[in-house]
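> One structure follows; several queries about it will come next.
Quick note: the coordinates plus some simple rules give every number you see, no bench work behind them. The structure displayed is predicted, hence computed values, not measured ones. Glycine also receives a Cβ, built like all others from the backbone with ideal geometry; neighbour counts cover every protein chain displayed.
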Amino acid sequence: MNDAREVEVVVVGAGQAGLSSAYHLRRTGFEPGRDFVVLDRSPGPGGAWQFRWPSLTYGKVHGMHALPGMELVGADPARASSEVIAEYFASYERTFDLRVRRPVDVHAVREGVGGRLLVGTSDGDWSTRALINATGTWDRPFWPRYPGQESFRGRQLHTAQYPGPAAFAGQRVVVVGGGASGTQHLLEIAPYAAATTWVTRRPPVFREGPFSEDVGRAAVALVEERVRQGLPPKSVVSVTGLPLNDALRQGIADGVLDRRPMFDRITPDGVEWNDGGRVEADVILWATGFRAAIDHLRPMRLREPGGGIRVEGTRAVADPRVHLVGYGPSASTIGANRAGRAAVRDIRRLPAGRPTEPVAA
């Protein structure tokens, strides 16, 4: 503990949520390096975007909202989103002098001394009065388990490892998952693959019409209620449905988005259903989403019996020093921006540790 560097706030993660939080810390008088530090596991700027597949061009990105204080302008919609957004985040970090430290792995957050938190990392320990956790989900891809999975002789991969459609040329591909990633993968892969099969646990919900503010607020409220109850959050998309655009309509018309119910087992050569149906496959692509990357918070014992962390606003109910930004209802890019500001506002109200003469938020 004597070797731990002291700051007022540690921000874990430098994606949309982390950079938004750092911006609002700086804007309200906290100095980077002296009053707060941003720790990022990734090798460079861009958050999870830097790992997206090359065929996900910027023009295909749904709902990318600019970071506070600096718009993303003039981006070529044909360029890979990983490149566009990584460059934008890098410019943002330079513009606001956020001094992100990377690559740094945060191993554990635990109780320190004097009412402070101790953040153990691959770059040494930090002692802090408050923690903003903005680690997102990319580091925790969710792999469902099904009987026979280990016997499959083909290839299994997750969205997090998706290399682009050309890698599936001439192969029979089963895509699992009813979200935006699953449908995007199918539409891309179908022209290259010998055959595609789409399976989901629940029938997909396609949403007609514009995504109004009322629809968005209602969806966020549903996710927010889950985290208030201490349940694991669902994505906002899971409660809004898939916006029915021209590409999806064409995919439905072409039979690419012809959904089958979830299979019951995996065989060495494919998948099977209890009714006797079977599909031979060379590849199973799990577009099954991600879970919150919060294992480093385990020593704080924040999880509720329901499996999630109970959160009011961004504040962990079990410990007001810990804020989760980009978690649950703030997992969208615009939600992360607002949550970063809210977290900083709450942190400034802690009994001590405010910088002198803060600027109004």
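> Restricting to the chain, what percent of DSSP beta bridges are antiparallel, rounded to 5?
40 percent
> If you don't mind, there's one more thing I want to ask. So who's got an amide H within less than 5 Å of the one on D105, skipping anything under 5 residues away but keeping other chains? H placed 1.01 Å off N, in plane.
When sequence neighbours closer than 5 places are left aside, the close amide H contacts are S122, D123.
> What does the net charge come to around G115 if you take all other residues with beta carbon closer than 12 Å to its beta carbon, with K and R at +1 and D and E at -1?
+1
> Can you sort E304, E150 by how many other beta carbons sit within 10 Å, fewest first?
E150, E304
> For the chain, modelled as a Gaussian network with Cα springs under 10 Å, which listed residue fluctuates most, I252, I132, I266?
Its mean-square fluctuation being the largest, the pick is I252.
> What is the set of long-range amide H partners of A281 at a cut-off below 5 Å, with H atoms built 1.01 Å from backbone N?
G270, V271
> Here is a further query. Which residue, W53, W126, W143, has the most motion in a Gaussian network model of the chain that connects Cα atoms within less than 10 Å?
Judging by the Gaussian network model, the answer is W143.
> Give, as a single signed number, the net charge of other residues whose beta carbon lies under 15 Å from the beta carbon of N337, with Lys and Arg counted +1 and Asp and Glu -1.
+4
> Using a 10 Å cut-off around each Cβ, can you sort L302, L242 from fewest to most neighbouring Cβ atoms? Mind showing how you got there, number by number?
Numbers: L302 21, L242 18.
Least crowded to most crowded, the residues run L242, L302.
> Calculate one ³J(HN,Hα) per residue across the stretch 41-47 by plugging θ = phi - 60° into the Karplus curve 6.51 cos²θ - 1.76 cosθ + 1.60, and present them in order as whole Hz with x for glycine and proline.
Per residue, the Karplus-derived 3J(HN,Hα) values read 6, 6, x, x, x, x, x Hz.
> Just to confirm a number: summing +1 for Lys and Arg and -1 for Asp and Glu over residues other than R315 whose beta-carbon lies under 12 angstrom from that of R315, what do you get?
Local net charge: +2.
> What FRET efficiency would be calculated for the residue pair K60, A194, taking the C-beta separation as r and a Förster radius of 25 Å, to the nearest 0.05?
So the FRET efficiency works out to roughly 0.55.
> Relative to the longest principal axis of the chain, what angle (0 to 90°, nearest 10) does the C-alpha long axis of helix 180-189 take?
With both axes taken from Cα atoms, the answer is about 40 degrees.
> Now for a separate question. Using a basic spin-label model with each label point 7 Å from the Cα along Cα→Cβ, how many nm lie between E208 and E280?
Reported label-point gap for E208 and E280 is 4.1 nm.
> What angle, in degrees between 0 and 90 and rounded to the nearest 10, separates the Cα long axis of helix 81-95 from the longest principal axis of the Cα atoms of the chain?
That works out to roughly 10 degrees.
> In the stretch 266-326, which trypsin sites (Lys or Arg not before Pro) are in a loop and have at most 10 other Cβ atoms within 10 Å, using DSSP for the loop call?
R301
> Quick one: if the Förster radius is 25 Å, what FRET efficiency do R301 and R228 give, using the C-beta to C-beta distance and rounding to 0.05?
The pair R301/R228 has a calculated efficiency of 0.85.
> Okay, moving on. Please find the FRET efficiency linking A247 to E312, where r is the Cβ-Cβ separation and R0 is fixed at 41 Å, and quote it to the nearest 0.05. Working shown, then result.
On the way: r = 39 Å, r/R0 = 0.95.
In this case the efficiency is close to 0.60.
> Residue-wise, which Karplus ³J(HN,Hα) couplings in Hz belong to the stretch 196-205, taking 6.51 cos²θ - 1.76 cosθ + 1.60, θ = phi - 60°, and x for glycine or proline?
10, 10, 10, 10, 9, 5, 10, x, x, 10
> Report the full-extension gain for the segment R155 to D254: residue separation times 0.36 nm, less the Cα-Cα distance, to one decimal in nm.
Taking R155 through D254 to full extension adds about 33.0 nm, to one decimal.
> Count neighbours as other Cβ atoms within 10 Å of each site's Cβ, and list the trypsin sites (Lys or Arg not before Pro) in the stretch 14-93 that are DSSP loop with at most 15 such neighbours. Write out the running numbers ahead of the final one.
Details: sites: R26, R27, R34, R41, R52, K60, R79; in loops: R34, R41, R52, R79.
Qualifying residues, ordered by number: R34, R79.
> Could I ask something else about it? Report the label-to-label distance for V113 and F51 in nanometres (one decimal), using points 7 Å from each Cα along the Cα→Cβ vector.
Spacing of the two 7 Å Cα→Cβ label points: 3.7 nm.
> May I pose another question? As an exercise, identify the chymotrypsin sites (Phe, Trp or Tyr not before Pro) in the stretch 244-295 lying in DSSP coil whose Cβ has no more than 16 other Cβ atoms within 10 Å. Don't skip to the answer; put the middle values down first.
Details: sites: F263, W273, W286, F290; in loops: F263, W273.
Filter output for the stretch 244-295: W273.
> Can you tell me, using C-alpha contacts under 8 Å and at least 6 residues apart, the relative contact order of the stretch 247-344 as a whole percent?
Numbers: 75 pairs, mean separation 11.0, N = 98.
The normalised contact order for the stretch 247-344 reaches 11 percent.
> Another question, if that's okay. Using the alpha-carbon centroid of each, what span in Å lies between the stretch 290-315 and the stretch 73-152?
About 16 Å separates the Cα centre of the stretch 290-315 from the one of the stretch 73-152.
> Binned at 10 Å from 0, what are the whole-percent values of the Cα-Cα distance distribution for the stretch 1-131, short to long?
13, 40, 29, 14, 4, 0
> Let me ask something additional. For the chain, what log10 I(q)/I(0) values come out of the Debye formula at q = 0.13, 0.14 1/Å, with one point per alpha carbon and no solvent?
Here the Debye-derived log intensity ratios amount to -1.06, -1.19.
> For the chain, set up a Gaussian network in which alpha carbons nearer than 10 Å are linked by springs, and say which option among D275, D264, D40 fluctuates the most.
Taking springs between Cα atoms under 10 Å, the residue moving most is D275.
> Tell me, in nm to one decimal, what length is gained between W273 and E87 on full extension, where the rule is 0.36 nm per residue of separation less the Cα-Cα distance?
This chain segment gains 62.4 nm when fully extended.
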